[in-house]
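Below: the structure, in structure tokens.
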Amino acid sequence: MKRLSAVAGAVALATLMTAGAAMAAEHAKKTEYNVALDGTFAPHAMPTLSGGVEGFNVDLANEIGKRLGAKVNITAAQWSGLLPAMQAGKYDFIVAPTTITEERAQTMLFTEGYLNTDFLFTVKKGSPEVTALEGFKGKVISVNKGSVYDSWARELEPTIGWSVQSYGTQTDALQAVISGRAFANVAGNTSAAWAVKKNPALALSFNFSTGKKFGMPFRKDDVATRNLVEAAIECMKTDGTFVAMSEKWFGVVPKPGDAIVTVEKGFGEPGLDGYDDTPHEAKCG
């Protein structure tokens, strides 16, 4: 009998905690949010002819505002200043794609990941299929000079046996593939997918999984807003909104298990600082 009482008490406590978290989040809901992103990171955000910005993360920010019943004021600014400005209180949260890392999780809160951040190879359409890094042995790989993909490819040069060519812009690196000077280009998965969607001469090739994801960052003391936004993101994962956005901007249908369609238990990214494993049910509708 005592054991049953203890179990009942634990269930009641969990229910109260969940209800309390929901009430706190609802109380924190605002009618207007100031957010920011880098407006030069296609296809996540890029300038329009009318002077505004468009892209995957612009749609994401507007959809979150719609679901929270709030106005979202989007500012396009340089990436280097976004996180410091949020920490200083200028922005409520950042809607630019931000890689979730252990180091960042120590100083800010994150939603659960909503996009995988993998390294994706692009080849000329009709090229032989490659199913592993070793399949690029003896091939020339083009990269954007100074990028994380540049340093990564060069570190693996003696191991894989490929040759790396660096170009001043990602556009030039892709042109090297089209012209035949390089067999493949390696870049971020979303940027690569966007390039292939825009250029029929190219095709997607091998996807190298990094295990990392993009999440949405908040100040450490703003748990309630993080939870509100995460609940909206979870609904977007389950009702098909993210699938439609992926097809629109990347030309890719997500696979089961991809971060863009996978809802995590609790709030935040599991295993990192700031994660709250309290069960909750997002109210979608």
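The values are calculated or read from the model by the stated rules, or taken from the named source; none is laboratory data. All values reported here derive from a predicted model rather than from experimental measurement. Cβ coordinates were reconstructed from backbone atoms using ideal geometry, including for glycine residues, and neighbour counts include every protein chain displayed.
What the table shows:
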{"read-out": "Positions within segment 182-225 being within 14 Å of the chain's Cα centre (by Cα) and not hydrophobic (A, V, I, L, M, F, W, C), in sequence order", "value": "188, 189, 190, 191, 209, 210, 211, 212, 213, 215, 217"}
{"read-out": "The listed residue being in contact with a Lys or Arg (Cβ under 8 Å, 6 or more places away or on another chain), hydrophobic (A, V, I, L, M, F, W, C) and modelled with pLDDT of 95 or more, out of 109, 156", "value": "109"}
{"read-out": "Checking residue 147 against (1) polar (S, T, N, Q); (2) touching a Pro at 6+ places or on another chain (Cβ under 7 Å); (3) modelled with pLDDT under 95, the condition it does not meet", "value": "(2)"}
{"read-out": "1 or more residues modelled with pLDDT of 95 or more and not assigned by TED's automatic domain parsing to the domain that holds residue 136: qualifying helices (runs of 4 or more DSSP H) within segment 172-285", "value": "223-238, 241-249"}
{"read-out": "Residue satisfying all of: in segment 192-243; polar (S, T, N, Q) and buried (at least 20 other Cβ atoms within 10 Å of the Cβ); farthest from residue 110 (Cα to Cα) among these", "value": "205"}
{"read-out": "Residue 96 among the small types (Gly, Ala, Ser), under 18 Å from residue 250 (Cα atoms) and at pLDDT 95 or above", "value": "yes"}
{"read-out": "Every residue from segment 66-75 that is within 25 Å of residue 252 (Cβ to Cβ) and crowded, with 18+ Cβ neighbours inside 10 Å", "value": "67, 74"}
{"read-out": "In segment 237-264, the residues that are touching a Lys or Arg at 6+ places or on another chain (Cβ under 8 Å), touching a residue at least 60 places away in the same chain (Cβ under 8 Å) and within 20 Å of residue 275 (Cβ to Cβ)", "value": "259, 260, 263"}
{"read-out": "Any hit, segment 107-119, residues being free of Cβ contacts under 8 Å to residues at least 24 places away in the same chain and surrounded by fewer than 15 Cβ atoms within 10 Å (Cβ to Cβ)", "value": "no"}
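Residues are listed down the side, and each one gets a yes or a no for (1) in the same structural domain as residue 225 (by TED's automatic domain parsing); (2) over 29 Å from residue 219 (Cα atoms):
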| residue | (1), (2) |
| --- | --- |
| 110 | yes, no |
| 123 | no, yes |
| 127 | no, yes |
| 130 | no, yes |
| 135 | no, yes |
| 138 | no, yes |
| 141 | no, yes |
| 147 | no, no |
| 151 | no, yes |
